[in-house]
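Structure first, commentary second.
The values are calculated or read from the model by the stated rules, or taken from the named source; none is laboratory data. Computed from a prediction, not measured in an experiment: that's the story for all the values here. Ideal geometry is used to build each Cβ from the backbone, glycine not excepted, and the neighbour counts take in all protein chains shown.
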Amino acid sequence: MTERLKQLLDGEAHDLAVPPPATHDVLRQGRGLRRRNRLVTGAAAVAAAVVVGSGVVALTGDGGKQAAPDPAGQPVGHNAVFSYGNEVFYDGPRHRAEIQDTAVKSLFYTSAGVLVRHGDNAWSDGGGPQRFSLVTTEGDVRPVSLVTEETVHASDPDQPYVAYGEAVGGELQVVVYDVAADAEKARVTVRPTADTWFPVSLDGDTVYVQDRAEDETYAVDWRAGTAEPSDVASPWEVAGGNAGTDTGDAATVVDVAEGDVLVTADGPGYFDLSPDGRYAQLVDEEGGGPTFEVYDVATGETVSLEGNPFEWGWTADGDMFKVDESTVTTCDTATGECTVESYSQPSIPEPPPITETVSEPVCPGGDSYSCYDDEVFLANCYDHPEECEWQESRSITPMTIEVKLAGRAYES
Amino acid sequence: MTRPPTDEEFAELVHACWASLYRTAYLMLGDAADAEDLVQTALAKTYANWRKVRSVEAAPGYARTTLVNTAASWFRKKGWRNERPTEVLPEPASAHEDLSDRRTVIDALGTLPPRQRAVVVLRYYEDLSVVQVAHALGITEGTVKSQTSEALSKLRALLGDSVVPAGANND
């Protein structure tokens, strides 16, 4: 008895003016979600012992010995590290350095100072070339000649390196780059791959890297040049010998070497580890409340902090901080005590909007996007682009000045 | 294909799904910007959760389910569309009067509370069963039935018996 209603619904729906697909925005949002959805599955256990790849290793400089001492003399400090636009606050809000680029994308703790990833915009993914600078503990800004694109990076606060995976000639290669010496330290071929970007973390001599095409994580001994499959199900959260994982029932932190469960979450969510791996922030993206818990991995004790977990960054030694327009709040994750420092947000001009273009098939007869319901038509266009007319559409995205927090991963 | 799609493959999927998803989203939400936002979010979640999607063939269905689930979560948020575009129902149409030419179904949907509207769209546009609608929106089957009945009564008042005949509530 509702046939007429359905008929009218179908007709009016068909006549709707459908806006063009927001492909760029979907991909950008999807990458961001993917980074945040890194909930892992499977039990945590020690890494498998089978060596699957005796990789090609190329060591430079010291020939594979321990890294050269930190040229700055001491590791980065214990204060908040963040950026606003292209201004980096490298040791609390009173120590500021300017990066000669449009915007900062993310900040990494290394033993040589704060490694800054920057570029033409603040986008973490899909934003063009990713350039790097090192801000030393004295506030000197040293350009690093490394340039990457569509690449995930990771650092270890105790080492002067940044690590990443890249596909070279159909093979996954792990690169360890010495940001103090401004030179590639090691390159290890892991395995053939069909993928193009690789989640990664750096913990001592091990780079954990995921080949998403095979849904497999590898532990790469970058000094020895070997790679083994790892039961660290997600490479996003490995630090200080610990890994954030999930037993299926709850988020846990495990000792990677022994496989022991060190901490189990009391509520839903996943663990985001501090850069040194000693603390774990429980992030509940689905629900969450006005507070979140930070666990001491060694003792299991927790402190509660207020706000959205993503509003807080990590200091190099495991405290948490957040930044607003006029204050920086840093909280001791062992005690929950917080200190507030005043902060003067820099007055810098808004960045110009970004224009992107995308090619899309033109529907026969120029009939808007109606042919996008026609799977056969679309498939043929993508399989045989020469048989279809294509049009370019432009999207203009307004840009804002963004705050980036060290210890917080922004990459997909 | 167990591997994640390349950006080009996913762009192709976006193009193929976009119009259909947008139509459902617009019917459910009644606002172009919200509908576009909903479709974008559903597709982004599909991209981000590829491990669950597993294949390009399964992706449109996953995206559609995600779209409805996401809309349902929006409805649960306090304050979602508390402001209503049309709060006052018009005088009931007589049995002999067909108002369908004067008022579109989309206009009439705009007078319904968000969840009632979604129930109507899922039942009569997406052709989902009562059980499926209940599951999609996270409500009981009884609520689906009562919301359907109430919604159809309102639509009948606006669109006339020829569009929503008396007794259609029991479909």
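Need at least 1 residues that are within 18 Å of the chain's Cα centre (by Cα), within 19 Å of B:Val119 (Cα to Cα) and at pLDDT 85 or above per element, so show me which helices (runs of 4 or more DSSP H) inside the range B:1-87 make the cut, counting only ones lying wholly within it.
So the answer is B:7-29, B:32-48, B:59-76.
Inspect all residues belonging to the range A:341-350 and state whether any of them is within 27 Å of the chain's Cα centre (by Cα), free of Cβ contacts under 8 Å to residues at least 24 places away in the same chain, exposed (fewer than 14 other Cβ atoms within 10 Å of the Cβ) and away from chain B (no Cβ under 14 Å).
Yes, some residue in the range A:341-350 is within 27 Å of the chain's Cα centre (by Cα), free of Cβ contacts under 8 Å to residues at least 24 places away in the same chain, exposed (fewer than 14 other Cβ atoms within 10 Å of the Cβ) and away from chain B (no Cβ under 14 Å).
Just to be sure before I move on: is A:Gly139 surrounded by fewer than 24 Cβ atoms within 10 Å (Cβ to Cβ), modelled with pLDDT under 95 and closer than 30 Å to A:Asn79 by Cβ in the structure I sent?
In short, yes.
Pairs under 7 Å by beta carbon, first residue touching a residue at least 24 places away in the same chain (Cβ under 8 Å) in the range B:55-67, partner part of a loop (DSSP other than H, G, I, E, B) and among the charged types (D, E, K, R), six or more apart or different chains?
So the pair list comes out empty.
Report, by residue number, each residue of the range A:263-301 that is of a type in the set (Asp, Glu) and modelled with pLDDT under 85.
As a first pass, look at the range A:263-301 and keep what is of a type in the set (Asp, Glu): A:266, A:272, A:276, A:284-286, A:293, A:296, A:301.
Within the range A:263-301, A:Asp284, A:Glu285, A:Glu286 meet the criteria.
Matching residues to (1) touching a Lys or Arg at 6+ places or on another chain (Cβ under 9 Å); (2) not polar (S, T, N, Q):
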residue	(1), (2)
A:Ser201	no, no
A:Gly204	no, yes
A:Asp211	yes, yes
A:Glu228	no, yes
A:Ala243	no, yes
A:Val256	no, yes
A:Ala265	no, yes
A:Pro268	no, yes
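Does A:Asp101 count as touching a residue at least 40 places away in the same chain (Cβ under 8 Å), surrounded by fewer than 24 Cβ atoms within 10 Å (Cβ to Cβ) and not polar (S, T, N, Q)?
So A:Asp101 fails the test.
For the range A:180-267, list the strands (runs of 3 or more DSSP E) that sit wholly inside it and hold at least 1 residues that are of a type in the set (Lys, Arg) and buried (at least 22 other Cβ atoms within 10 Å of the Cβ); which are they?
Correct list: A:183-192.
For the range B:18-33, state whether one or more residues are more than 7 Å from chain A (Cβ to nearest Cβ), under 18 Å from A:Arg28 (Cα atoms) and buried (at least 24 other Cβ atoms within 10 Å of the Cβ).
Looking for residues that are more than 7 Å from chain A (Cβ to nearest Cβ), under 18 Å from A:Arg28 (Cα atoms) and buried (at least 24 other Cβ atoms within 10 Å of the Cβ), one finds none in the range B:18-33, hence no.
Can you name every residue in the range A:302-352 that is among the polar types (S, T, N, Q) and either over 24 Å from A:Gly267 (Cα atoms) or modelled with pLDDT of 95 or more (or both)?
Result: A:Thr315, A:Ser326, A:Thr327, A:Thr329, A:Thr330, A:Thr339, A:Ser342, A:Ser344, A:Gln345, A:Ser347.
Residue by residue through the range B:128-169, note down the ones that are facing chain A (nearest Cβ under 8 Å) and out of contact with any helix residue (DSSP H, G or I) (no Cβ under 7 Å at 6 or more places or on another chain).
B:Pro165, B:Gly167
Tell me, which residue of the range A:1-21 that is acidic (Asp, Glu) and part of a helix (DSSP H, G or I) is nearest to the other protein chains (Cβ to nearest Cβ)? Break it down into steps so the answer makes sense when it comes.
Restricting attention to the range A:1-21, the residues satisfying the condition of being acidic (Asp, Glu) are A:3, A:10, A:12, A:15.
Going one step further and asking which of them are part of a helix (DSSP H, G or I), we end up with A:3, A:10, A:12.
Values: A:Glu3: 9, A:Asp10: 7, A:Glu12: 5 Å.
The selected residue is A:Glu12.
Quick one: B:Arg103 ticks every box in (1) within 12 Å of chain A (Cβ to nearest Cβ); (2) surrounded by fewer than 23 Cβ atoms within 10 Å (Cβ to Cβ); (3) modelled with pLDDT under 90; (4) closer than 22 Å to B:Trp18 by Cα bar one, so which box is it?
It fails just one condition, (4).
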